[in-house]
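Participant: So that we are looking at the same thing, I have put the structure below in structure tokens.
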């Protein structure tokens with residue numbers, strides 16, 4: 001179920017972002033988005049396949065070890081698995097990890113990135129509720145504290161709170177995972193916050 005989009009026409013909406021991390025303006029021209037995600041994707045602008053691999057690594061929190069292997073913690077993930085998920089040939093995965101290790105900035109990022117355990121996929125099994133909040137100004141201060149404070153005032157316990165990093169996500173979202181459904185009044189309050197674009201539950 002999706003709540004109505006509440007961003008106003010003047011400043012709440014962001015333009016569409018293409019796979020290269022560029023914002024698409026009204027004229028159809030792309031404008032560079034100065035985010036870490038955009039800068040990373042720009043390094044692979046000539047290869048959509050490598051961009052797909054990089055996007056997957058960032059989304060899943062997979063790192064690249066000194067041998068150029070994709071790992072999650074200390075567990076190596078076969079190139080064939082990464083290739084299948086990203087929809088590319090295995091050789092594209094190898095070329096991507098080689099490029100990562102050859103670039104000082106990318107090497108620092110992908111040698112140190114880690115995955116955060118999430119209850120989101122387990123929610124249906126455990127009977128948990130997941131509320132997704134998309135905000136139009138993700139760089140603003142106090143967004144997480146304000147929304148979680150509203151939840152606390154309604155005496156709703158939170159099992160987990162996750163948020164996308166606006167530097168690495170096209171459309172950052174906040175995820176609230178609870179033991180119970182949020183009251184309708186609370187959902188309305190969250191939806192009516194000036195920076196909230198969408199609430200889904």
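Rule-based calculations on the coordinates, nothing more; no lab input. Quick caveat: nothing in here was measured; it's all calculated off a predicted structure. Methodologically, a virtual Cβ is constructed for each residue, glycine included, from the backbone with ideal geometry; neighbour enumeration extends over all protein chains shown.
Participant: For the pair residue 71 and residue 102, how long in nm is the line joining their label points, each one 7 Å along Cα→Cβ?
Facilitator: Distance between label points: 2.3 nm.
Participant: Out of the DSSP beta bridges found with both residues in the range 67-201, what percent are antiparallel (nearest 5)?
Facilitator: Among the beta bridges of the range 67-201, antiparallel pairing accounts for roughly 100 percent.
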